[in-house]
1. Looking at this structure, is A:Glu359 assigned to a helix (DSSP H, G or I), surrounded by fewer than 18 Cβ atoms within 10 Å (Cβ to Cβ) and without any contact (Cβ under 8 Å) to a residue 40 or more places away in the chain?
2. Between a residue in the range B:191-215 that is of a type in the set (Lys, Arg) and any residue that is near ligand 3 (Cβ under 6 Å from one of its atoms) and open to solvent by 20 Å² or more (accessible area, probe 1.4 Å), which pairs come within a Cβ distance under 7 Å, given they are 6 or more apart or on different chains?
3. Can you confirm whether the range A:126-133 contains a residue that is within 24 Å of A:Asn299 (Cα to Cα) and either in contact with a strand residue (DSSP E or B) (Cβ under 8 Å, 6 or more places away or on another chain) or of a type in the set (A, V, I, L, M, F, W, C) (or both)?
4. Take the residues in the range B:143-182 that are of a type outside the set (A, V, I, L, M), in contact with a helix residue (DSSP H, G or I) (Cβ under 6 Å, 6 or more places away or on another chain) and within 16 Å of ligand 1 (Cβ to nearest atom), then tell me which one is farthest from B:Val42 (Cα to Cα).
5. Hey, among the residues in the range B:82-94 that are within 13 Å of another protein chain (Cβ to nearest Cβ) and either within 16 Å of ligand 2 (Cβ to nearest atom) or open to solvent by 10 Å² or more (accessible area, probe 1.4 Å) (or both), which one's nearest to B:Lys135 (Cα to Cα)?
6. Residues A:Leu173, A:Leu197, A:Leu181: which one is closer than 25 Å to A:Asn130 by Cβ and in contact with a Phe, Trp or Tyr (Cβ under 7 Å, 6 or more places away or on another chain)?
7. Out of all the residues in the range A:271-288, is one or more small (Gly, Ala, Ser) and either open to solvent by 10 Å² or more (accessible area, probe 1.4 Å) or within 16 Å of A:Gly349 (Cα to Cα) (or both)?
Amino acid sequence: MHNEKDYLTRVEGHGTIDIKVRNGRIKKAEWQVIETPRFFEAMMVDKHFDDVSLIVSRICGICSIAHSTASIRATENAFDVKISGKTELFRRILMNAETLQSHILHLYFLALPDFLGEGSIFPIITKNKNAAEIALRLKKIANDMCDVIGGRNTHPMTMVVGGFTKFPSKESLLILQKDLLNSVPDLIETSKIFMSLKIPDFERETEFVSLKGENNYPWIGGQLMSSDGVLKPESEYKKMTNEFMSDWSTSKLAKLSRDSFAVGSLARINNNFNLLHPKAKEICENFKLKAICYNPFMNNIAQLVECFHAVYETLELFEKVLNMDLSPEDIKIKPKKGKGVGAVEAPRGILYHCNEYNEEGRIVHCDFIIPTGQNHANIREDLNKLVKDYSKKGYSDSEIELLCQMLVRSYDPCISCSVH
Amino acid sequence: MQYLGVELIKPKAAFFDFSCCEGCQLQIANNENKLLDFISLVEVVNFREILTERNNDYDIAFIEGSITRKDEIDRLKKIREKAKILVAFGTCASFGGINKLKNKFKDIEWVKKEVYGNCPIETNDKVMAVNEVVKVDFYIYGCPVNKSEVEAIVQSIALGREFRYLKHPVCFRCKEKQNICLYEMGKICMGPLTRAGCGARCPSNGNSCIGCRGPAEEPNIEFMKTIMIKNGFTERQIRDKFELFSAFKE
Ligand code: SF4
Ligand code: SF4
Ligand code: SF4
């Protein structure tokens, strides 16, 4: 039933696209998820709060910082723990760094080969060593920040409930600051590369869901919003997702005001355009990306815009933390019975963790809602329309198939995450 | 073909992921300084995270993740038939890892219901490490694997040399680094029992070693448990640490 050849490459996890177009008419357009479920919610039962974020971080290697942050925030909300301003700033830096790392990986290793008609990054390395080196340098600075601040670029261990076990030294921060500043020309080069690509012409009106930023571009916590005008507090995340199962997917699906909605870079930008860093807004202008944009292929460009945002915001955050005392804080946590929600913007979109504890601080019940799962229904609707639109335009079945794959990859789906 | 100045044959390497977070594969993509070198060391013919093309002709198979479903067992057996060398890549593959926490539940129907409600879902009752299904030639430990160790192991495989795993525990390295011992700060730590090779990463960052690399050579588990109890930790707290990656036999 699940053959090796069915695995869709270059997305995280196992997904297949099953598309059949006959005589210009759509027979079937499905974007399936066939990853083996790992039952994280069940595994968590009875686990102590000290271990919770370390375990859930293993839901996904690429966005382990987002999972840790959401989990820790959920626990802090359950125990009414207040965190310091310094902790808040370092968490923001980590979220920016992980977003940069994940977006660069997607843009260069996954999206670019599509647009250039190559099977992978490897032919690009041979033909255009410069582009490959830019990608690796940008990824490296992002990973270095996660290494130095999180303790490791995947599965961070310095982040704990209440704060950090260790803050980085000023010396190491100064090195990062310098490297980050030096990465700006690489980013500009990246935007030139993407400027030369042709983004497929396609639109489908849909709803966009994300955190709502107040004074900053939203990464961690706050209100939940949709472009159709829904606004909810973090604790009512279930009213934003309304999860349901369908026979075409082992992953849960979500909907809000319509049959489907989208989360991710494009959703964040559509909902929080004004909070982007001015340098990131310039990139929007260059690519004619305006809120609200309904072309899902533009999610690639939205990611590029967020790379600019991540670098410039982090440079500002560095200025702040470098003026702070970086000695460790004394963390004392008193667990209590209750439930807490943590919502963060993972690279691929809004992520919710809900942790319910007993008096001893052990998990009674957990709930995780992952970005890709929320996008599945929307991807499916997009595929349907894309096939229809492009068969009308006279494209061949195989051309349409390629476009469909590109569309799925534009969402940067992460399947390990969605089937956790 | 040269790698870091050494003449090499160029084996074909394929990466396969089973149930896991794919963080171990990511470590290879994350090895920015040496990624281009690594690619010249082995010919990567199958790396799903970054390749579309597939090639089923390979010498070394890297298996990432644990085995949780019938189709995964079949798939793994087929890969074993083809591969000359099969490597368990990371702690999920080597021990079962985090995913094996599922096995502590006797009632699999409850597990399914807890996550999926009444929707039918296919899974094996037990999560397995790779060597519970097929023969494994090499192990690379860690959750995630340590980039430089991966390189060293791949290099010895390519050169046909024996790789010497570190036998001593994380503690050894931690003391070398002159970290304040976490036990002195009232925290529990698996460093005395866990295989070194990570540079004592967690204690050096102020957090407990949670044993992600599995046991060091001849770990004295019973002795360590009495020490943990003497330090005021309960049986339950000790079990929390031992069961995390299913890497320690209790
Ligand atoms: S060993 Fe850890 S990092 Fe590697 S795949 Fe498994 S969970 Fe992910
Ligand atoms: S902190 Fe852990 S690894 Fe380090 S010396 Fe103490 S017990 Fe050993
Ligand atoms: S210190 Fe322990 S838990 Fe941390 S990386 Fe090393 S072996 Fe793994």
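1. Taking the combined requirement at face value, the residue does not satisfy it.
2. Here the result reads B:Arg213/B:Cys198, each pair linking the range B:191-215 to a residue that is near ligand 3 (Cβ under 6 Å from one of its atoms) and open to solvent by 20 Å² or more (accessible area, probe 1.4 Å).
3. Yes.
4. B:Cys143
5. It comes out as B:Lys82.
6. That would be A:Leu197, the only listed residue that is closer than 25 Å to A:Asn130 by Cβ and in contact with a Phe, Trp or Tyr (Cβ under 7 Å, 6 or more places away or on another chain).
7. no
Residues checked against (1) away from every other protein chain (no Cβ under 12 Å); (2) part of a helix (DSSP H, G or I); (3) at pLDDT 95 or above:
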| residue | (1), (2), (3) |
| --- | --- |
| A:Ala66 | yes, yes, yes |
| A:Asn77 | yes, yes, yes |
| A:Lys86 | yes, yes, yes |
| A:Phe90 | yes, yes, yes |
| A:Ile93 | yes, yes, yes |
| A:Ile104 | no, yes, no |
| A:Leu107 | yes, yes, no |
| A:Glu118 | no, no, no |
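The values are calculated or read from the model by the stated rules, or taken from the named source; none is laboratory data. For clarity, every value in this text was computed on a predicted model and none was experimentally measured. Cβ: placed from backbone, ideal geometry, glycine included. Neighbour counts: every protein chain shown. All accessible areas refer to the heavy atoms of the entire protein, side chains included, with ligands and DNA or RNA removed. Shrake-Rupley method; radii C 1.70, N 1.55, O 1.52, S 1.80 Å.
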